[in-house]
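The values are calculated or read from the model by the stated rules, or taken from the named source; none is laboratory data. Since the model is a prediction, treat every value here as computed from it, not as a measurement. Neighbour counts run over all protein chains shown; Cβ positions are idealised from the backbone, glycine included.
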Amino acid sequence: MHKMKTGNTQGEGRLASLDALRGLDMSFIIGLEGVILALARQFSGSEAWQNAAWHMGHAAWQGLRVYDMIFPLFVFIAGIAMGLSMQKGRKWWQQLLKLWKRALILVVLGWLVNGALSWDTATMRFASVLGLIGISCAAAGSMALAVRSTAWRAVAAAGLLLIVWSLQYFGGDMTPAGCINAWIDQRYLPGVRHHEVLDPEGVLCLVSATALTLGGMVCGSIMIQVQNVWLRLCIMAGTGLLLVVGGLCCGPIIKSIWSTGFTVSMAGWGFIIMAAMHLVIDVCGLTKWAFPLRVIGMNALFIYLATHIISFNALTARIFSGTIRCLVPEGWGGVAHATAYLLLAWGLCYLLHRRRIFIKI
């Protein structure tokens with residue numbers, strides 16, 4: 001990964017703020033959500049904790065909660081990493097081969113996360129989070145190899161979103177059963193769908209995710225190409241603000257179908273959050289607080305697979321249930337279990353970090 005001249009990096013070839021942001025995002029997936037929900041149950045009379053718990057779930061259809069942002073932000077982060085690393089390097093065909101090889105591996109890993117490989121379209125879900133990341137990154141990377149200019153990558157992202165907007169606006173009624181996503185998934189997506197009529201990692205969602213990945217690549221390119229740090233931060237934050245406002249003008253915010261309004265808004269929030277992390281960690285040099293996040297972010301794929309394939313609930317209970325029963329005050333067992341779950345996941349990442357083992361594809 002490219003080292004910026006005006007950034008503060010920790011670890012050879014890695015951007016500290018990007019690792020921290022990836023770790024923050026992944027921490028919600030691997031246990032932080034559970035800690036927040038447990039605390040909300042403990043403080044049932046607190047409006048603040050109930051609001052926090054409300055944000056730890058997905059919107060039923062239209063609308064936006066914090067948890068709706070977790071996965072799309074990870075897609076945007078993947079785009080940033082590609083924007084930082086694809087400036088120079090191998091020949092185009094070598095990069096293309098690597099992109100699609102990685103996509104194939106992530107698709108297979110996504111099937112394993114979903115469940116047993118039965119190959120039965122009546123029981124097996126073929127669409128997956130990892131598959132969407134792999135395919136969207138490969139597609140965005142392929143387009144980026146064809147158009148090296150940052151401006152043209154932004155144009156390509158806008159073109160993909162215009163296609164999605166046109167299909168969703170003219171091809172359906174933006175309801176779960178009536179949207180164009182459902183029509184396409186029911187005809188062209190094999191296997192079980194996450195929702196009965198459509199899948200949030202379905203066919204048209206891949207197009208939206210590719211556009212979001214390209215947006216992340218534009219962000220990464222800006223971080224390299226704009227040498228003046230304050231101008232860089234202003235461009236990132238200003239672009240993010242414009243995209244957040246623009247997303248509200250593009251139609252309804254619907255995560256389940258990655259509507260254009262949702263995707264544009266997520267790109268905006270990605271720019272804003274990355275600018276904030278870049279300012280605090282790389283520019284101001286405040287890195288110590290972010291170390292726990294970086295430990296997760298540097299082995300995000302490993303801990304995602306581990307917590308989804310291994311029963312961490314059972315493992316946490318096996319290791320910590322006696323200690324919790326003996327030492328934790330009555331009524332706080334749920335909070336203690338959720339915290340132990342998160343610490344166990346973090347501890348596995350830390351063991352790899354101590355040995356300088358970083359698992360990636």
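Brief remarks follow.
- If you filter the range 144-182 down to residues that are of a type in the set (Val, Ile, Thr) and surrounded by fewer than 17 Cβ atoms within 10 Å (Cβ to Cβ), you find that the one that is modelled with the lowest pLDDT is Val147.
- Look at the range 251-273: where a residue is touching a residue at least 12 places away in the same chain (Cβ under 8 Å) and among the acidic types (Asp, Glu), no partner that is buried (at least 24 other Cβ atoms within 10 Å of the Cβ) and in a loop (DSSP other than H, G, I, E, B) sits 6+ places away or on another chain with Cβ atoms under 9 Å.
- Only one entry of Asp199, Asp185 meets the criterion of being over 18 Å from Asp68 (Cα atoms) and among the acidic types (Asp, Glu), and that entry is Asp185.
- Residues that are without any contact (Cβ under 8 Å) to a residue 12 or more places away in the chain and either touching a helix residue (DSSP H, G or I) at 6+ places or on another chain (Cβ under 9 Å) or part of a helix (DSSP H, G or I) (or both), drawn from the range 330-342: Gly333
- Of the helices (runs of 4 or more DSSP H) contained entirely in the range 218-327, those carrying at least 2 residues that are in contact with a Pro (Cβ under 8 Å, 6 or more places away or on another chain) and of a type outside the set (Gly, Ala, Ser) fall at 260-277.
- Residue within the range 205-221 that is over 14 Å from Leu64 (Cβ atoms), out of contact with any Asp or Glu (no Cβ under 6 Å at 6 or more places or on another chain), polar (S, T, N, Q) and free of Cβ contacts under 8 Å to residues at least 60 places away in the same chain present: yes
- Checked against (1) in a helix (DSSP H, G or I); (2) at pLDDT 95 or above, Ala127 meets all criteria but (1).
- Matching residues in the range 186-204 - criterion: being more than 20 Å from Gly270 (Cα to Cα), in contact (Cβ under 8 Å) with a residue 60 or more places away in the chain and assigned to a loop (DSSP other than H, G, I, E, B): Leu189, Pro190, Val192, Arg193, His194, His195, Asp199, Gly202
- When each of Gly297, Gly347 is tested for being closer than 30 Å to Ala103 by Cα and exposed (fewer than 13 other Cβ atoms within 10 Å of the Cβ), the lone residue that passes is Gly347.
- Of the residues making up the range 50-99, those that are part of a loop (DSSP other than H, G, I, E, B) and aromatic (Phe, Trp, Tyr) number 1.
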